[in-house]
Amino acid sequence: MGCATSVEKLSVESSLQETQDNPLQGIPVLRQALEQRAFAGQEVSAKKNVAHVFALLPKTLGGLNWTMAPKIAHRNAVMDAGAVIERCVKLANDPALGESSPAIDTINLKRCINHFSSFLKQMKDQGGESYKLHFTEDEASSRGAMAVADAIRALFQLEDHAAACRQEVVNSLLKVAVSCVKADSGLTPAAKTALLTMLIALLEEPKGTLPYVQQQRISSTAQVLIDSHVIDALLPYFREPSMFEASKEFMSLCRGLLESCIKNGQDVPNKASLEVSIRKANN
């Protein structure tokens, strides 16, 4: 079965098989099948396949490459995979579709995050090259970075797995995400905004976490952000806001992330100077 499969005949089961056989063709079909179930009110049956989707995704993502030819097919498949994750998280979390949660293997989620980290690095490299050579932003890589950010944020909400996903992002994706929000990353303001929103969400522990555990994790994550040079990445926007023409939304996100790091981090370099820069930008 190829991409020419008619919408009427799409099923999640058959699209999973197609994805296994040919990721480039199968991932877009899988996304379409999941969306079709939502529109048709058949999400209960789709939820039963969520664990199978997450079991298949690591191998599928491993066969993709943001810079490999045919580029359009690979890039579309990466972004479609992100949309598939968003849809599956919604299905898994919806009690109206059946109270029992899908038996998702956390290892598969961690592997997905690792693959997205690799894609994000490729996007950053492409964007950086575009900025260095032409002083322009890479639109394709920016769209990809937005898709990655949205997929990761969705995983932060996955019931029973949110904490493990957050920790894996801290371990494998956080540093490259910080590098992507630098002024010279070659990614668009929209992409940087999506990534900043993801990083802020990373500092928001899931509901139900014990208070002392919550504070410990937030403090640890804030320090990793600081150690990953998030202050160096964002401070130029405060010192020369007119140079970067940053939107109010973007500056608000920068401010919120830095203030959270200052509040929760244990070792904040030049803390007083940083606070002064933020205050001046507010005036």
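Quick notes on this one:
- FRET efficiency estimate (nearest 0.05) - Cβ-Cβ, Leu133 to Ser247, R0 25 angstrom: 0.45
- Taking Rg and Dmax of the Cα atoms in Å as calculated from this structure, the corresponding entry among [x] 25.9, 86; [y] 19.8, 62; [z] 17.1, 50 is [y].
- Net length available on complete extension from Ser220 to Asn282 is 19.6 nm, with 0.36 nm assigned per residue and the Cα-Cα distance removed.
- If you take all other residues with their beta carbon under 10 Å from the beta carbon of Ile27, and give Lys and Arg +1 and Asp and Glu -1, the sum is -1.
- Reachable lysines from Lys47, criterion Cα separation under 18 angstrom, eight or more residues apart if same chain: Lys90
- When each of Lys124/Lys182; Lys124/Lys280; Lys110/Lys175 is checked by Cα-Cα distance, pairs over 19 Å: Lys124/Lys280
- Highest-MSF residue in the chain out of Tyr212, Tyr131, Tyr237 [GNM, Cα springs under 10 Å]: Tyr212
- For a straight C-alpha distance cut-off of 17 angstrom, the aspartates and glutamates reachable from Lys248 (same-chain residues fewer than eight places away being disregarded) are Glu240, Glu259.
Any read-out appearing in this document is the output of simple, stated calculations on the displayed coordinates, not a laboratory observation. No experiment lies behind these values; they were computed from the predicted model shown. Every residue, glycine among them, receives a Cβ derived from its backbone with ideal geometry; neighbour counts consider all protein chains shown.
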